[in-house]
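Q: Once you've had a glance at the structure underneath, I'll fire off some questions.
Coordinate-derived values only; no laboratory data. These numbers were taken from a predicted model, which means no experiment stands behind them. Using ideal geometry, Cβ is built from the backbone for each residue, glycine included, and neighbour counts are taken over all protein chains shown.
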Amino acid sequence: VSLPPLDRLPNPIRPAFTEGSREGSVIVNIGPSHPATHGTIQIVAELSGEHVLRTDVHCGYLHRGFEKECESHTWHNLIPYVDRLNYCSALINDFAYCEAVEKLMGIEITPRCRYLRTLLAEYSRIADHLTCIAAALMELGAMTAFLYLVTIRDYIYEHLAELTGARVTYSYGRIGGLARDLPDGWLVRLEEILEQMDTFTGRVHGLVDRNRIFIDRTRDVGVISTSDAVNWGFTGPILRSTGAPRDLRKDTPYLAYAELEFEVPVGIKGDNYDRYYVRMREIDESAHMIRQLVDLLPPGPLCVDDRRCTFPAKELVYTEIESLINHFKLVMEGPQVPPGEVYSAHEGANGELGFYLVSVGGGVPWKVHCRSPSFVHMGGVHRMLDGYQLADIVPTFGSVNMIGGECDR
Amino acid sequence: MGDAVFERVRERLEGMAGTPAVSHGVLALEIERSSLLEVVQALRDELGFDLFLDVTAVDWPEREPRFDVVWHFYSTREFVRVRVKTRVPLGDPTVDTLVTLYGSARYMERECHDMYGIVFRGNDDLRPLLLYEGFQGHPLRKDYPKQKEQPLVPYRDVKS
């Protein structure tokens with residue numbers, strides 16, 4: 001095999017540095033497909049021995065033109081696309097996007113929809129945090145903990161499949177409502193899963209919290225201060241792990257969060273251990289919220305009675321001409337959204353998930369922009385990698401929970 | 001609570017930001033691009049908008065100047081957001097960079113540069129980020145066809 005000289009090989013990236021900054025340092029390329037990292041990310045690191053001097057983080061390997069594609073589909077048809085941003089907690093994306101469109105249209109969702117969305121958002125957050133912690137622990141060799149947590153995640157996926165018809169990408173949100181109501185017995189199974197989850201997360205606490213190996217690998221590793229975290233745009237569990245109780249669910253309550261009782265767990269110093277612990281505590285808080293929401297969930301309609309966005313009942317479509325035309329217009333032209341722009345943000349599982357929408361009227365968006373937490377975090381993650389060991393990249397990166405789908409869009 | 005902050009912003013930026021209106025809970029400021037750094041500095045240092053959320057652009061091909069550049073900021077003390085918007089023409093799509101004020105601007109400006117070709121004066125790292133090295137054009141501009149194919153990185157010539 002004859003290859004051109006190394007510097008002539010086409011390279012999709014241009015590293016920020018190709019020369020070592022000091023005698024004896026080497027430059028190592030990690031990723032974009034590396035067995036020790038999950039997520040398609042490329043890290044070019046300058047090492048002195050095992051010591052990381054500086055890093056240059058590249059993302060974009062999962063870029064699929066989400067924002068461009070959005071400009072040629074109706075508002076409703078985007079829902080499957082936003083599902084695929086953060087595919088660990090797709091429902092949160094659904095609801096954040098739908099709420100942004102509803103704000104533009106001036107729609108207030110029904111009480112049942114509001115509580116159910118809140119419940120499902122918290123359920124998704126649990127699944128997301130379980131995935132993150134499980135993967136991070138597995139990368140440190142804690143296979144048992146991984147299996148415990150992923151077992152529960154799989155129960156949640158199966159349970160959500162019963163409701164939505166899909167395990168991961170649900171397409172369950174609707175502008176002005178939700179796709180369908182809860183099947184019989186869904187809430188009973190929900191409580192069963194939450195109980196099992198308490199048992200299993202309890203076991204993981206027992207296995208990991210005071211485990212010497214785990215503490216050595218995570219305590220004082222990947223430390224970031226609150227001021228640094230804010231300066232580099234960190235939000236969500238990473239910001240909270242630095243000790244700042246910043247949570248959009250508390251600070252700018254949306255959906256039904258203002259009526260719920262919950263705490264915002266924070267860490268002490270913003271290291272990997274704190275990020276693990278904050279996520280574990282958030283799982284407990286989410287479960288606490290879900291139990292309150294089950295009691296609060298009112299009966300009533302799920303979708304608003306607004307012909308601009310809600311589809312007419314199928315029997316009407318087949319029996320009266322107005323509903324048939326309504327259905328046709330909604331499918332062919334999409335919901336008519338008045339001109340304007342909106343920025344609407346939800347507390348995603350990883351941080352502030354914002355949608356900036358621009359409408360010029362009509363059924364197709366002029367612009368859809370997603371402010372995704374993972375992307376912003378990748379811009380600042382070098383602050384947590386530089387100065388530590390090469391092997392620390394793996395747990396630190398795991399604790400950041402980069403989701404390629406929303407990072408690269 | 002937000003109203004008091006918005007009132008302070010209006011007072012402080014009087015004359016620089018037109019008539020700021022609250023739109024869906026966000027205070028929207030329209031500014032001249034020459035006053036960007038001054039406005040953002042005031043927002044960060046005096047008015048408490050310490051979290052830089054986002055920068056993107058909106059393309060209006062029929063309009064002159066053609067692009068809106070849009071920033072969002074959040075105050076982690078007052079829990080309110082502002083939107084700063086300015087217009088730049090196709091011939092000179094340049095605005096000042098915010099990397100001196102917010103570390104996170106570095107990455108997000110790279111993305112905006114990728115997608116719209118907005119040049120952030122003073123950001124010396126505008127390498128392609130979501131796109132790859134050698135990608136031609138700016139895909140989120142309205143005149144970039146969705147189906148357009150690009151000269152992909154050529155396959156290596158491997159002789160056995």
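Q: Lysines near residue A:367 by alpha-carbon distance under 30 Å, same-chain residues fewer than 8 away left out - which ones?
A: A:68, A:103, A:250, A:329, B:85, B:142, B:146, B:148
Q: Once the piece of chain linking residue A:198 and residue A:16 is laid out straight, how much longer is it, given 0.36 nm per residue of separation minus the C-alpha distance between them? The partial results should precede the final answer.
A: Details: separation 182, 0.36 × 182 = 65.52 nm, distance 4.57 nm.
Contour length minus the Cα-Cα distance gives 61.0 nm.
Q: So, one more: Please identify which residues in region B:59-76 have an amide N closer than 16 Å to a label point set 7 Å out from the Cα of residue B:30, following the Cα→Cβ vector.
A: Once the point is set 7 Å along Cα→Cβ of residue B:30, B:59-71 turn out to lie under 16 Å by backbone N, inside region B:59-76.
Q: Test of understanding: ordering A:393, A:268 by Cβ neighbours within 10 Å, fewest first, what list do you get? Before the final figure, lay out the partial values.
A: On the way: A:393 24, A:268 11.
Arranged by neighbour count, lowest to highest, A:393, A:268 become A:268, A:393.
Q: Arrange the following residues from fewest to most other Cβ atoms within 10 Å of their Cβ: B:157, A:392.
A: Arranged by neighbour count, lowest to highest, B:157, A:392 become B:157, A:392.
Q: Only helical DSSP H runs with n ≥ 4 go in: add -39500 (n - 2.57) per run for chain A, normalise by residue count and round the 222 nm mean residue ellipticity to 500 deg cm²/dmol. Before the final figure, lay out each step's value.
A: Values: 17 runs with 191 residues, N = 409.
Helix contribution divided over all residues of chain A: -14000 deg cm²/dmol.
Q: Quick one: compute the contact order of chain A, relative version, from alpha carbon pairs under 8 angstrom and 6+ residues apart, as a percent.
A: Answer for chain A is 25 percent.
Q: Give the relative contact order (percent, whole number) for region B:50-160; include only Cα pairs under 8 Å separated by 6+ residues.
A: It comes to 20 percent, rounded to a whole number.
Q: Can I ask one more? Okay, helix-only estimate at 222 nm for chain B: each DSSP H run of n ≥ 4 adds -39500 (n - 2.57), divide by all residues, round to 500 deg cm²/dmol; what do you get?
A: It lands at -6000 deg cm²/dmol.
Q: Let me ask you something else. How would you rank A:319, A:169, going from fewest to most other Cβ atoms within 10 Å of each one's own Cβ?
A: A:319, A:169
Q: Then there's this: Let me know the Rg and Dmax you get for region A:15-166 when you use only its Cα atoms, in Å.
A: 20.6, 65
Q: I would also like to ask the following. Are there DSSP H segments in chain A that both extend 20 Å or more along their axis (alpha-carbon positions) and score a mean Kyte-Doolittle hydropathy of at least 0.5? List them, or say none.
A: A:90-105, A:143-164
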